[in-house]
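Report on the structure given below.
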Amino acid sequence: MLVVMKGDATEAQVQAVIREIEKMGYRGVPIPGAQRTAVCIIGNKGSVEDSQLLSLGGVKETIRVTKPYKLVGREAQPEPTVIAIGDVKIGGEEPVIMAGPCAVESEEQALTIARLVKKYGVQVFRGGAFKPRTSPYSFQGLGEEGLKILEEVRKETGLLIITEAIDHTNIGIVEQYADIIQIGARNMQNYSLLRAAGHASKPILLKRSFAATIDELLMSAEYIMSEGNAQVILCERGIRTFADNTRNTLDLSAIPSIKEVSHLPIVVDPSHATGRREYVIPLSKGAIAVGADGLLVEVHHDPLHALSDGMQSLYPEQFGELMKEIKISRIRIVDT
Ligand code: PEP
Ligand code: MN
């Protein structure tokens with residue numbers, strides 16, 4: 001249930017509502033909005049008796065939440081969430097482009113790629129230090145050494161850093177170095193990691209598992225938000241289907257579907273979705289056309305020798321082409 005406050009309700013009135021909810025044995029999470037604050041009741045199993053709450057000062061109405069998720073839904077917050085990190089706004093007017101190698105391989109590799117993608121106007125540098133690999137024999141990432149290299153990249157280029165945490169024991173160290181913490185597809189339902197992410201002070205980019213429905217993705221985001229971290233960015237990165245022309249099948253319909261029910265920003269990863277660099281530009285254009293708030297793209301200066309995901313990594317010049325194409329298609333979309 002949501003307790004919707006009047007537009008002119010005071011902070012003290014909001015706190016009084018939260019105290020009353022706690023007396024009932026539940027938790028109250030305030031969700032400040034542009035027009036009004038709503039307090040979301042969490043922890044209740046069945047319906048909540050609302051007469052006492054309705055009698056409190058500043059309360060406008062109560063609304064029963066019809067979806068299994070509460071905090072991530074539009075019922076709780078009708079206006080879209082915009083996550084601001086410095087000058088970069090994810091979920092705002094302009095799509096935010098995050099690019100870089102699949103994995104940090106060395107300082108020279110990371111800096112070379114970072115300089116190139118920066119030249120083409122990227123705002124966030126991606127690169128895994130901890131890599132969740134399907135095979136235990138594949139390159140597992142440089143670990144903390146990789147994080148230190150990412151810090152160098154930030155220092156030299158000024159780019160924001162997104163990098164992955166793969167379990168609840170390493171999210172703390174990733175949080176120290178990252179501007180955005182990525183939770184990968186394989187970990188979308190790693191609940192101890194999700195809960196730890198809920199206590200992190202940095203935004204979380206949560207990737208959809210290749211076998212998850214949209215409701216399951218949103219419930220995973222709910223785990224993070226229910227622990228107190230409201231800065232969640234969703235990411236569609238392809239799901240597994242019978243189609244075998246691409247590594248996964250990019251579900252572009254997820255973008256409008258999620259935007260209909262959730263206020264959270266959502267970006268698209270066309271690299272893991274397709275597994276082929278040839279398809280990354282067309283699908284990136286498609287993603288922006290259907291309303292994605294940004295892209296997460298793999299780029300490598302020497303993809304043939306990349307330690308992971310070379311086949312799907314764009315050459316830097318191709319990435320430059322992608323940035324140009326997105327600008328042109330954005331102009332077309334805004335014009336029509
Ligand atoms: C990645 O982005 O580095 C990654 C491992 O992707 P995913 O979790 O989507 O497979
Ligand atoms: Mn990869």
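Values in this text are rule-based calculations from the coordinates and carry no lab data. All figures in this text were calculated on a predicted structure; none of them were measured in a lab. Please note: Cβ atoms are built from the backbone with ideal geometry, for glycine as well, and neighbour counts cover all protein chains shown.
Worth a mention:
- Protection proxy ranking of 204-213, 301-310, 89-98 - average other beta-carbon atoms within 10 Å, highest first: 204-213, 89-98, 301-310
- Estimated translational D of the stretch 119-195 in µm²/s (Stokes, Kirkwood radius over Cα pairs; 4 °C; 1.567 mPa s): 100 µm²/s
- Sites Asp87 and Asn44 - FRET efficiency at Förster radius 41 Å, r taken between beta-carbons, to 0.05: 0.55
- Sum of side-chain charges, Pro68 neighbourhood, beta-carbon under 15 Å (Lys, Arg +1; Asp, Glu -1): +1
- Residues in the stretch 156-167 carry Karplus couplings, in order, of 6, 9, x, 6, 6, 10, 10, 8, 8, 9, 10, 7 Hz; the curve used is 6.51 cos²θ - 1.76 cosθ + 1.60 with θ = phi - 60°, and Gly or Pro positions show x.
- Over all other residues within a Cβ to Cβ distance under 13 Å of Tyr279, the charged ones net out to +1, with Lys and Arg as +1 and Asp and Glu as -1.
- For Ile266, residues with placed amide H under 5 Å, excluding near neighbours: Leu234, Asp293
- Summing charges over all other residues whose Cβ lies under 13 Å from the Cβ of Ser51, with Lys and Arg as +1 and Asp and Glu as -1, gives -4.
- The chain: calculated mean residue ellipticity at 222 nm from DSSP helix runs of at least 4, using -39500 (n - 2.57): -10000 deg cm²/dmol
- Here the calculated FRET efficiency for Asp8 and Arg64, from their Cβ-Cβ distance with R0 = 22 Å, stands at 0.35, rounded to the nearest 0.05.
- Here the relative contact order of the chain, from alpha carbon pairs under 8 Å that lie six or more residues apart, stands at 15 percent.
- The relative contact order of the stretch 72-174, computed from alpha carbon pairs under 8 Å that lie at least 6 residues apart in sequence, is 24 percent.
- Distant-in-sequence amide H partners of Val96 (H built 1.01 Å from N, under 5 Å): Gly91, Gly294, Leu295
- Gain upon complete extension [Glu107, His305; 0.36 nm per residue less C-alpha separation]: 69.7 nm
- For the chain, convex hull of alpha carbons as volume per residue, Å³: 145 Å³
- Restraint check, Lys131/Lys155; Lys45/Lys70; Lys118/Lys155; Lys67/Lys202; Lys131/Lys285, Cα-Cα greater than 19 Å: Lys131/Lys155; Lys67/Lys202; Lys131/Lys285
- Label-point separation in nm, Ser51 to Ser201, each point 7 Å along Cα→Cβ: 4.6 nm
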